[in-house]
Amino acid sequence: MTALASTQLFSYAPDGVNPKKVPHKTTYTGGKIPSIGLGTFGSDRIAGEQIATAVVGAASVGYRHFDCAAVYGNEQLIGDSLRSIVEGGVPREELWITSKLWNDKHAEEDVIPAFEKSLQDLRLDYLDLYLIHWPFPNYHAPGCDVTSRSPDAKPYIHENFMKTWRKLEKLLAMGLVRHIGTSNMTIPKLRLLLRDARTKPACNEMELHPHFQQPELLQFVLENGIVPIGFSPIGSPARPDRDRTASDTVDIEDPVIVKVAERLNVHPAVICIKWAVQRGQIPIPFSINRRNYLSNLRAVTTDPLTEQEMDAIARIDRNCRLIKGDVFLWKENQTWEDLWDLKGEITTP
Ligand SMILES: NC(=O)c1ccc[n+]([C@@H]2O[C@H](COP(=O)([O-])OP(=O)(O)OC[C@H]3O[C@@H](n4cnc5c(N)ncnc54)[C@H](OP(=O)(O)O)[C@@H]3O)[C@@H](O)[C@H]2O)c1
C-alpha cells in the first residue's frame, strides 16, 4: 500500500451514522444501492488528495456509496482510500462504487481497457456500477474554456452508442461490474437504448436539484425500473466557471429552501438532500468538509420534510440546468439546448 497521510486512515467515528440505518434502493437486478453517495468531482479546483481524504472520512462516518469517474483525475488516490476502508474492516460488499467511461473512450476497442484502468486505479476487483458518462464521444481538455470545441466532435449516433453499450454488457458478462447504466441522457435517447439493449440500464445519473427537477425524465426513468441518481443535488455552488451563466439561479438561496432550513436549524444544502431522498432519487453531494458531509448523511436518517414542505419545494422548479455541456457540441453556431433534445427528438447533425 502506498503511504497514506494519517488523516486518511479509516476508523469508525463515534458520532457517525450506522450505515445499516441508511435507506437503500433496489435496482431491477436486485442490487442494493445506498440512498446517498459522496460525489468526488473536485470542480477543477479541489486537489485529489483532499477528496481522497474526504472519502475515508465519509466512510468513517457511515457513507458506503462513492460516485467516481475516470475524468475526475483522482481515481488512483481514491483507490488508496478504498483500500484503507476495506483494510479498516468494511466488507467490500458493503460498498457501492460507481465509475464512468469518459467521452474519448467510446470506441469499441477502448471501452474495456478504460474500465480496467479505473478498476486498477480504484484498487478493486469489480465495480458496482459503470456508466457511460455522456452520450457523446467528444473529448475536451480538463479545465478548458466554455467556447472550446473539439474538431473531432460528433453528435449522438445511436448505432455507435450501442457498440459502446455492448462492451458494457460484455463487462457484466465477464463479472467485472455488477450493474451498468447511463448519464446525461434524454427520453428519446433512453427509448432507443431500452429498445436495443440486451441488458437495460440499472441506473441513470442526471442533474437533479430543487431548481432543476426534470419531472418528465424522472418519471420516465422510474416507470422503466431504472434507479435515478441525482448529480449536483445542492446546485453545485462551486462548479467550474465554464458551467456558470448569468441566468443561473441558486437553490440554497431560495426562500422556500431557506425557510425549511431555518425550521430545522440546518444549512439549506441539507434540505436539498432531504428533499432528494424523499422524492425518490439518490443524491450524490460532493463535500470535503466533515461537518457538511456528516450533516448530509444525517439528513437521510432523520425526520422527513412535511408534505406541505415537499409540495412547496415541488413548486420552486426553475428548469435551470447548470451543467449545460457546451463543450460537447459538435459544430459551430449551436447552443447547449441542442444537446438535450428539447423538441422530444434527438438533435441530428
Ligand atoms: N454524471 C455527471 O455528468 C456529473 C456531473 C456533475 C457532477 N456529478 C457528480 O455529482 C457530484 C455532486 O455534484 P457537484 O459536485 O456538482 O455539486 P453539489 O454536490 O451540488 O455541491 C457541492 C458543493 O456544496 C457544498 N456542500 C456540500 N454539502 C454542504 C452542506 N451540508 N452545507 C454547505 N455546503 C455544502 C460543498 O462544499 P464543501 O466541500 O465545503 O462542503 C461543495 O462546494 C459530483 O462530485 C460528481 O460526483 C456527475
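A few points about this structure:
- Gaussian network model of the chain, Cα within-10 Å springs - most flexible of THR26, THR335, THR40: THR335
- Measuring only protein heavy atoms, the 1.4 Å probe finds ASP311 accessible over about 80 Å².
- Long pairs among LYS189/LYS331; LYS32/LYS259; LYS25/LYS170; LYS20/LYS200, criterion Cα-Cα beyond 30 Å: LYS32/LYS259
- Taking every DSSP beta bridge that has both ends in the chain, the antiparallel portion is near 15%.
- Per residue, the convex hull spanned by the Cα atoms of segment 41-150 measures out at 98 cubic angstrom.
- Taking the inverse of the mean 1/r over every pair of distinct Cα atoms in segment 48-110 gives a Kirkwood hydrodynamic radius of 12.5 Å.
- Simple Cβ-charge dipole of segment 1-83, Lys/Arg +1 and Asp/Glu -1, about Cα centre, in debye nearest 20: 440
- Intensity falloff of the chain expressed as log10 I(q)/I(0), Debye formula with alpha-carbon point scatterers, at q = 0.07 Å⁻¹: -0.27
- Relative pair counts by distance (%), Cα atoms of segment 139-211, 10 Å bins: 15, 39, 33, 12, 0
- Size descriptor, Kirkwood hydrodynamic radius, that averages inverse alpha-carbon separations across segment 293-349, Å: 15.1
- Ligands, DNA and RNA left out, the accessible area of segment 94-180 computed with a 1.4 Å probe is 51% carbon and sulfur.
- Accessible area expressed per residue, segment 5-128, with surrounding protein chains retained (probe 1.4 Å, Å²): 40
- Dipole magnitude for segment 136-219: computed about the Cα centre from +1 point charges on Lys and Arg Cβ and -1 point charges on Asp and Glu Cβ, it is near 460 debye.
- Sorted largest first, extent of segment 85-130 alpha carbons per principal axis (Å): 38, 15, 12
- Debye intensity ratio in log₁₀ form over the Cα atoms of segment 229-338, taken at each q of 0.10, 0.11, 0.21, 0.23 Å⁻¹: -0.33, -0.39, -1.18, -1.36
- Dipole magnitude of the chain, debye to nearest 20 (Cβ charges: Lys/Arg +1, Asp/Glu -1, about Cα centre): 620
The values are calculated or read from the model by the stated rules, or taken from the named source; none is laboratory data. Quick caveat: nothing in here was measured; it's all calculated off a predicted structure. Cβ coordinates were reconstructed from backbone atoms using ideal geometry, including for glycine residues, and neighbour counts include every protein chain displayed. Protein only, heavy atoms only, side chains kept; ligands, DNA and RNA dropped before computing areas. Shrake-Rupley method; radii C 1.70, N 1.55, O 1.52, S 1.80 Å.
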